[in-house]
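Q: Pasting in a structure now, in structure tokens, and then I'll have a few things to ask.
The values are calculated or read from the model by the stated rules, or taken from the named source; none is laboratory data. Predicted, not measured: the structure shown is a model, and the values here were computed from it. Note that each Cβ is placed from the backbone with ideal geometry, even for glycine, and that neighbours are counted across all protein chains shown. These accessible areas exclude ligands, DNA and RNA; they are computed on the full protein's heavy atoms, side chains included. Shrake-Rupley method; radii C 1.70, N 1.55, O 1.52, S 1.80 Å.
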Amino acid sequence: MPEFSNAGTSNTSPIDPLLADYRPHTAYFDELITRAGEVRQPWQSTLSAFAHMSNDDRREAQESLLKVLRENRVTFVTDSDAGSTQRPWQIDLFPMLISPSEWQHLEASLIQRARVLNAALADLYGDQRVLHEGKLPPSIVFSNERFLRPCSKIETRDGTHLHFLAFDIARAPDGQWWILSDRTEAPSGAGYALENRVATSRVLPEMFASENVRRHASFFRSFNDYFLNLPGRDEPLAVFLSPGAGQRSYFEHSYLARYLGYAVVEGSDLAVRNDRVFLKTVDGLRPVDLMLRSVQSEMCDPLELRNDSFIGVPGLLQAARAGRVTIGNSLGSGLLESDAFMSFLPNLSRYYLGEELAIPSVATWWCGQQSEKKYVIEHLDQLIVRRISATRSVLTGEQDALVGAELSSEARAALVERIKTHGHDFIGQEAISLSTAPVWAQDNQLQPAPVMLRMFVAMTTNGYQVLPGALTRVAIDSDPRSGWLGSSDISKDTWILSDEPVETFSLLAQRQDATWLRRNTRDLPSRAADNLFWLGRYTERTEAAVRLLRSLVMRLHGDAGISQKEVSPERIVSLLVSQKHLSTRRGKRAIEAGRDAVEQELWALLFDTESRDGLTAVLNNVHRTADAVRERLSGDAFRILTDLSEVPNVHREHPRQGLGDALELLNRLVQYLAAFSGILMENMTRSAGWRFIDMGRRIERVRTTSQLTQLLTARGDTSHDGTLDLLLDLADSTMTYLGRYHSAPQLARVLDLLLVDESNPRSIAFQVHSIGQHLDALSLASRDALLSPEKRITTELLSRLRLTDVIEASETMSRFGTRILIDRLTRDAERGVDELSDHITRKYFSHSAPRRVVVGDRRREPR
């Protein structure tokens, strides 16, 4: 093992302890040290800075880095034998460095390669000169299932088909950079590279500034300026088409879209009318000018492409054909992701650009040609064989790759037979040994690990530009030949060093060059509005469940607050059944079994993770819905909701839970819910999104208050059994009542406070009045003479509440012993908000009601 030195300094350098166990394989190229054991020049300053940090400082920095990612909920979905699972994003503290001279070479080479691929794609879907002149075998195109014939002859506004692409690169043992794959369809990873940079620069701000690292923001700004100018009109609408929440790398879609200022949409959010793509919003249909996508081309249009796609937009291809929408990248661009093209790129570069290819591809043989097929079969032990029709992603290890030397004799024979009969679908590639780079080990020292980089290129007004950075994958305890980011892999931030001062512009800061002001927008996508509406309903439903369970737990154990009266098991079961926390059959069995069985049911709702009606199920609804609109929520709001869903996990670690554990759990949940309500009321602008989330809360509160009031007061004597105390507690109005009356609860007074008092934010009248105000603000039909159906419901219900004589309602009994006025009013209120929810859904979310197309400030009926 050679001694390490800091080129030209004493061998007793402070960096020596960091490299005590750093032993790169002599057959590989190491990014950090030379074969002579000297630290390479670009790494010296950074390594020295880390060396002057104490072990505790380095450990704290790594923990802070991971904490930033956890707080931002950076996750991705991976596939395994157990199914799709969501895992936290992992990043190494020590960055990957690229020197200024190497960057210049990589930048020029990748720009050249992007130009070649763009020209090839335009030709293959255009005149196909390269095929007619024999520069490329026709079978490499026409036998590829990713060549989409309906996408032929579609012109783009400036001749650009590839607006945003990526390249996976790595070093060979001799230090030469090689291209491993071209990502021309919908390359993923840029959002994660951006998040890596944000997190690293926050944890290591002084080091980041002193190393003169090139920033990412100018790259995204240049792309954005170019892309948004393509339609040639002011304020174009740009969207980011995603396969949806829960899909692989959805976090990246929402993060990158928010960074660029685009709306994240799914196929169901869009509609095509008269060859024009429209976004369904709460204010009608808005024309879409630009679309970035992470959906595969063949899945984008079920009319002309794959008819089994549920994530595409019917008619999208015709809209692109008509030139009414610009799609980045053009549909059909996945054709060039085929590794079969890699062996032909040198010829294509000479053909289209008249230039030699500056950076080589990993040696590739396409088996669609006899000589190449023969070579692959004869050298199977030295090659990696892959089906070119298999898709690959930065976030999955599945590539359908076979290493010839590792195959059994039977598998080898089967593979040879398939290559002979389906050679056009196979390539053989050289098995390259990746270079190694330093990574922090658990013992707080650096160790070498294989790395590869994904670098991104985007079109700008000045031509293609390369992101000064990359998403670096470190293969720890995994096969470096496998796909990106397996279960044991981590990522690195990539620092491109500069000899000149770097620009410090950031897109995260508010733009200062705006010449117009905007206070409210009504272009909220209908799906986002729907999710926000249900997020409001689920959070309110959670609060109602938590307050109910807390009140029952306290009363079950004789800690009843005002009344000091316990609640009977029958009353507990009836309340749980009314709120759908317990089935009628289970409730009946629990009552028959006695008080202990009722208590067990209550404890199961609190602590049993498998309970379909318990707290876990309710909180999962909140978390799932919040995750679907995370780009619409502030960081604090999203963190509160995710922490809220994790509160029960702390209490599941204890096998036995008592009264104190239950109350601690429920009190913490109440605190989180109160914090979220505070953020909604004080931090969220009164936009359409806020109105839908608040309407959802108000509708759910009306339902809950109506159900509980009807159950507890419509029958029986309420004056002596603690019923009114319980109702006030469930409505969070106990202190309001005591402050107003200074006496024991009376039915008429409780009804006035909870039903008709518009000054009480917990009353039904307050909720209905607030909903009416939201509908007025959202209304598209203010010039119409008639009330809308939803506004008619709120007006009628509010009038009934205002005209209700609560004294009469509390005293009027039917011959069956029912307070008939209370029963009717509460049932009508519940029925009214259910109908109101349906009307809101039809009008704003599903667009089944007549709507208008919004163009600028004008509205017109859709044809």
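Q: Given the criterion within 24 Å of the chain's Cα centre (by Cα) and under 19 Å from residue 626 (Cα atoms), identify the matching residue among 688, 674.
A: 688
Q: Hey, residue 210 hits all of (1) closer than 30 Å to residue 66 by Cβ; (2) among the small types (Gly, Ala, Ser); (3) free of Cβ contacts under 8 Å to residues at least 60 places away in the same chain but one; which does it fall short on?
A: (3)
Q: Related question: Could you figure out which of (1) closer than 30 Å to residue 348 by Cβ; (2) touching a Phe, Trp or Tyr at 6+ places or on another chain (Cβ under 9 Å); (3) among the hydrophobic types (A, V, I, L, M, F, W, C) isn't true of residue 97?
A: Condition (1) is where residue 97 drops out.
Q: Here is a list of conditions, (1) modelled with pLDDT of 90 or more; (2) over 34 Å from the mean Cα position of the chain (by Cα), and residue 410 meets all of them except one; can you say which number that is?
A: In the conditions (1) modelled with pLDDT of 90 or more; (2) over 34 Å from the mean Cα position of the chain (by Cα), residue 410 misses (1) alone.
Q: State which residue is farthest from residue 755 (Cα to Cα) when the search covers only segment 785-799 and only residues that are in a helix (DSSP H, G or I) and either free of Cβ contacts under 8 Å to residues at least 12 places away in the same chain or open to solvent by 90 Å² or more (accessible area, probe 1.4 Å) (or both). Break it down into steps so the answer makes sense when it comes.
A: Of segment 785-799, the ones in a helix (DSSP H, G or I) are 789-799.
Those left that are additionally either free of Cβ contacts under 8 Å to residues at least 12 places away in the same chain or open to solvent by 90 Å² or more (accessible area, probe 1.4 Å) (or both): 792, 796, 799.
Numbers: 792: 19, 796: 15, 799: 12 Å.
Within segment 785-799, the match that is farthest from residue 755 (Cα to Cα) is 792.
Q: Based on what the data block shows, is residue 823 at pLDDT 90 or above, within 19 Å of residue 788 (Cα to Cα), acidic (Asp, Glu) and part of a helix (DSSP H, G or I)?
A: No.
Q: Which ranges mark the strands (runs of 3 or more DSSP E) fully within segment 417-462 that have 2 or more residues being under 30 Å from residue 16 (Cα atoms) and in contact (Cβ under 8 Å) with a residue 60 or more places away in the chain?
A: Result: 436-440, 446-460.
Q: Which ones in segment 770-788 are at pLDDT 90 or above and either of a type in the set (S, T, N, Q) or over 33 Å from the mean Cα position of the chain (by Cα) (or both)?
A: Listed by number, the residues that qualify are 770, 773.
Q: Same structure, new question: So for segment 243-261 (the condition being under 30 Å from residue 384 (Cβ atoms) and basic (Lys, Arg)), does at least one residue qualify?
A: yes
Q: Is it fair to say residue 101 is polar (S, T, N, Q) and either within 30 Å of the chain's Cα centre (by Cα) or buried (at least 21 other Cβ atoms within 10 Å of the Cβ) (or both)?
A: no
Q: If you don't mind, another one. Provide a single number: the residues in segment 233-275 that are more than 20 Å from residue 309 (Cα to Cα) and not acidic (Asp, Glu).
A: Qualifying residue count for the region: 16.
Q: Under 7 Å between Cβ atoms, which residue pairs at least 6 apart in sequence (or on different chains) link something in segment 49-67 that is within 16 Å of residue 445 (Cβ to Cβ) with a partner that is of a type in the set (Val, Ile, Thr) and part of a loop (DSSP other than H, G, I, E, B)?
A: 51/15
Q: Look at residue 112 and say whether it is open to solvent by 20 Å² or more (accessible area, probe 1.4 Å) and among the polar types (S, T, N, Q).
A: The answer is no for residue 112.
Q: Of all helices (runs of 4 or more DSSP H) completely enclosed by segment 135-232, which ones contain at least 1 residues that are among the small types (Gly, Ala, Ser), touching a strand residue (DSSP E or B) at 6+ places or on another chain (Cβ under 8 Å) and crowded, with 21+ Cβ neighbours inside 10 Å?
A: Fully inside segment 135-232 and qualifying: 190-203.
Q: Can I ask one more? When you check residue 613 against the structure, is it under 28 Å from residue 252 (Cβ atoms), among the charged types (D, E, K, R) and touching a residue at least 12 places away in the same chain (Cβ under 8 Å), yes or no?
A: No.
Q: Hey, another quick one. Take residues that are in contact (Cβ under 8 Å) with a residue 24 or more places away in the chain and of a type in the set (Phe, Trp, Tyr) and tell me which of the helices (runs of 4 or more DSSP H) falling wholly in segment 300-383 contain 2 or more. Can you show your working first?
A: On the way: elements: 316-321, 345-352, 370-378.
Counting at least 2 such residues, we get 345-352.
Q: Here's a follow-up. Restricting attention to segment 701-730, and to residues there that are of a type in the set (A, V, I, L, M, F, W, C) and open to solvent by less than 10 Å² (accessible area, probe 1.4 Å), which single residue is modelled with the highest pLDDT?
A: Taking the candidates together, the pick is 702.
Q: Here are some residues: 343, 361. Which one is under 30 Å from residue 432 (Cα atoms), open to solvent by 10 Å² or more (accessible area, probe 1.4 Å) and touching an Asp or Glu at 6+ places or on another chain (Cβ under 8 Å)?
A: 343
Q: Let me ask another. Considering 260, 316, 285, which residue is under 18 Å from residue 526 (Cβ atoms), of a type in the set (A, V, I, L, M, F, W, C) and modelled with pLDDT under 95? So that I can check it myself, show each step before the final result.
A: On the way: 260 fails: under 18 Å from residue 526 (Cβ atoms); 316 fails: modelled with pLDDT under 95.
One residue alone meets the criteria, 285.
Q: Considering 11, 72, 6, which residue is surrounded by fewer than 16 Cβ atoms within 10 Å (Cβ to Cβ) and modelled with pLDDT under 90?
A: None of the other options fit; the residue is 11.
Q: Additional query: Which ones in segment 581-622 are part of a helix (DSSP H, G or I), open to solvent by less than 60 Å² (accessible area, probe 1.4 Å) and of a type outside the set (A, V, I, L, M, F, W, C)?
A: 587, 599, 601, 616, 621
Q: Also: What are the pairs with Cβ atoms under 7 angstrom where one residue, in segment 653-672, is outside any helix (DSSP H, G or I) and open to solvent by 50 Å² or more (accessible area, probe 1.4 Å) and the other, located anywhere, is modelled with pLDDT of 75 or more and of a type in the set (Asp, Glu)? Sequence gap at least six, or different chains.
A: These pairs meet every condition: 654/661.
Q: Can I ask one more? Hey, does segment 368-384 have a residue that's closer than 30 Å to residue 62 by Cα and either open to solvent by 30 Å² or more (accessible area, probe 1.4 Å) or modelled with pLDDT of 90 or more (or both)?
A: Kept after step one, since they are closer than 30 Å to residue 62 by Cα, are these residues of segment 368-384: none.
Checked segment 368-384: no residue is closer than 30 Å to residue 62 by Cα and either open to solvent by 30 Å² or more (accessible area, probe 1.4 Å) or modelled with pLDDT of 90 or more (or both).
Q: Filter segment 30-57 for residues that are outside any helix (DSSP H, G or I) and either within 25 Å of residue 433 (Cα to Cα) or in contact with a strand residue (DSSP E or B) (Cβ under 6 Å, 6 or more places away or on another chain) (or both) and give the result. Full working, then the answer.
A: If we filter segment 30-57 for residues that are outside any helix (DSSP H, G or I), which is where we start, we get 30-40, 52-54.
Within segment 30-57, 30, 31, 32, 33, 34, 35, 36, 37, 38, 39, 40 qualify.
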